[in-house]
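**Student:** Please see the structure below; I have some questions.
The values are calculated or read from the model by the stated rules, or taken from the named source; none is laboratory data. On a predicted model such as this, the values are computed, not experimentally measured, just so you know. Cβ sites come from the backbone with ideal geometry, for glycine too, and all protein chains shown count toward neighbours.
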């Protein structure tokens, strides 16, 4: 485990996709299928880098960046259908879930995800993670998504903990930026491990 002074924090806030659960392969496969159905060029790294951002927001940026025309509602429906067929294959990321179990009785725990509520609920329920959390915030709960700080700030508010006393666990650049924008230190999850501690500058 990283050398972190966990005593500094009253709450831990976890991202879900790619941090607590290995869902990114399913999401990216669903994205690739949805893009294929519109005959669009596939740049899956562009999507992966925007983990935590809602589908339509990614589609908007994809359209602008690659100068293509995307039927947003169709892409959203196709992407949802693709993930619906794959979500049951999602598994826990042990390193992050071990932190949950270790600190369940001594820290307040929250979930701050860009996932839609249906995905947050079915994944956390299926993997028996729901009961760890005193607060859960998803895409429908905020107007401004990662890298904006709103998701993590709302979790902190629900937990009744000052942002500076919260430690975020994240896996994407936008998620890390959201944590820092919220005034929170961040642990980076990479390759299924707690890879790096990124305190506020």
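**Student:** From the residues in region 86-108 that are assigned to a loop (DSSP other than H, G, I, E, B) and in contact (Cβ under 8 Å) with a residue 12 or more places away in the chain, which one is farthest from residue 168 (Cα to Cα)?
**Tutor:** Let us first name the residues in region 86-108 that are assigned to a loop (DSSP other than H, G, I, E, B), namely 86, 90-91, 93, 104-107.
Those still in the list that are in contact (Cβ under 8 Å) with a residue 12 or more places away in the chain too: 86, 90-91, 93, 104, 107.
Details: 86: 27, 90: 22, 91: 21, 93: 16, 104: 15, 107: 13 Å.
Going through the qualifying residues, I end up with 86.
**Student:** Given the conditions (1) at pLDDT 95 or above; (2) closer than 23 Å to residue 148 by Cβ; (3) outside the structural domain of residue 165 (by TED's automatic domain parsing), which single one is not true for residue 54?
**Tutor:** Of the numbered conditions (1) at pLDDT 95 or above; (2) closer than 23 Å to residue 148 by Cβ; (3) outside the structural domain of residue 165 (by TED's automatic domain parsing), the odd one out for residue 54 is (1).
**Student:** Residues of region 1-21 being over 17 Å from residue 53 (Cβ atoms) and out of contact with any strand residue (DSSP E or B) (no Cβ under 7 Å at 6 or more places or on another chain), which ones?
**Tutor:** Listed by number, the residues that qualify are 3, 5, 6, 7, 8.
**Student:** Here is a follow-up. If you scan region 63-93, which residues turn out to be under 19 Å from the mean Cα position of the chain (by Cα) and within 25 Å of residue 178 (Cβ to Cβ)?
**Tutor:** At the first step, the residues of region 63-93 found to be under 19 Å from the mean Cα position of the chain (by Cα) are 76, 79-80, 82-84, 86-93.
Answer for region 63-93, where residues must be under 19 Å from the mean Cα position of the chain (by Cα) and within 25 Å of residue 178 (Cβ to Cβ): 76, 79, 80, 83, 87, 90, 91, 92, 93.
**Student:** I need the strands (runs of 3 or more DSSP E) fully contained in region 109-201, keeping only those with at least 2 residues that are surrounded by 15 or more Cβ atoms within 10 Å (Cβ to Cβ), in contact with a helix residue (DSSP H, G or I) (Cβ under 7 Å, 6 or more places away or on another chain) and without any contact (Cβ under 8 Å) to a residue 40 or more places away in the chain.
**Tutor:** Working: elements: 135-137, 166-170, 185-190, 193-198.
Per the criteria, 135-137, 185-190.
**Student:** Which residue is surrounded by the fewest Cβ atoms within 10 Å (Cβ to Cβ), if the candidates are limited to region 22-61 and must be in contact with a strand residue (DSSP E or B) (Cβ under 8 Å, 6 or more places away or on another chain) and not in a helix (DSSP H, G or I)?
**Tutor:** Taking region 22-61 as the starting set, the residues that turn out to be in contact with a strand residue (DSSP E or B) (Cβ under 8 Å, 6 or more places away or on another chain) are 22-24, 27, 51-52.
Checking the rest, the ones that are also not in a helix (DSSP H, G or I) come to 22-23, 51-52.
Details: 22: 16, 23: 23, 51: 26, 52: 28.
Filtering first and then ranking leaves 22.
**Student:** Residues in region 2-21 that are in contact with a helix residue (DSSP H, G or I) (Cβ under 9 Å, 6 or more places away or on another chain), assigned to a loop (DSSP other than H, G, I, E, B) and on the phi < 0 side of the Ramachandran plot: how many?
**Tutor:** Narrowing region 2-21 to residues in contact with a helix residue (DSSP H, G or I) (Cβ under 9 Å, 6 or more places away or on another chain): 6, 8-21.
Then keep just the ones that are assigned to a loop (DSSP other than H, G, I, E, B); that gives 9-10, 15-16, 18-20.
This time we only want the ones that are on the phi < 0 side of the Ramachandran plot, so: 9-10, 15-16, 19-20.
Residues flagged as in contact with a helix residue (DSSP H, G or I) (Cβ under 9 Å, 6 or more places away or on another chain), assigned to a loop (DSSP other than H, G, I, E, B) and on the phi < 0 side of the Ramachandran plot within region 2-21 amount to 6.
**Student:** Could you tell me whether residue 83 is buried (at least 17 other Cβ atoms within 10 Å of the Cβ) and assigned to a helix (DSSP H, G or I)? If you could, list the steps in order and put the result at the bottom.
**Tutor:** On the way: buried (at least 17 other Cβ atoms within 10 Å of the Cβ): yes; assigned to a helix (DSSP H, G or I): yes.
So residue 83 fits the description; yes.
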